[in-house]
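All of the numbers you see were taken from the coordinates with simple rules; none came from a lab. Keep in mind it's a predicted model, so treat the numbers as computed, not measured. Note that we place each Cβ from the backbone using ideal geometry, even for glycine, and neighbour counts take in every protein chain shown.
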Amino acid sequence: MNWIIQFLTWLRLLFVGWINPPYKTIVVQALLPEKLKNRTIYIVEEDGFEEHAAMLCPRCRDHILHMNLLPDERPCWRITCHDDGTASLHPSVWRKKDCGVHFWFRRGRVRWT
């Protein structure tokens, strides 16, 4: 019986990954592209330092969310790039104006709060 539960859990994860693939992570130098792609997080580097991350708002898709990665400025996020090509942000992203979106970004996936 236990193997059935494990198999169904594996099948569910496989289906969720197929229907909801993770965001792509793209590292750019100095400037963001003029038009950002959907389901993509951009890491902007300059002089070897990660300066900020940017992505289209996962709720309304007409706002660009910018997350500062420089530790001496506030607010500040930390980004972790994983071996599978995904990224995670810490802490959560919370846009307090406009659409009010609030989510965690873990391993290339939006986890709503």
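Using a Cα-Cα cut-off of under 21 Å, which lysines could be cross-linked to residue 37, ignoring same-chain neighbours fewer than 8 residues away?
Result set, ordered by chain and number: 24.
Among the aspartates and glutamates, which fall within straight-line cross-link reach of residue 96, defined as a Cα-Cα distance under 20 Å, with same-chain neighbours fewer than 8 residues apart omitted?
Hits, sequence-local ones excluded: 62, 73.
How many percent of DSSP beta bridges within the chain run antiparallel, rounded to 5?
If I count the DSSP bridges inside the chain, around 75 percent turn out antiparallel.
Identify which of the listed values of Kirkwood radius over Cα pairs in Å was calculated from the structure shown: (1) 15.4; (2) 16.3; (3) 14.3.
Read-out from the structure maps to (1).
Quick check for me: using +1 on Lys/Arg Cβ and -1 on Asp/Glu Cβ, what's the dipole size of the stretch 35-113 about its Cα centre, in debye to the nearest 20?
Here the size comes out at about 720 debye.
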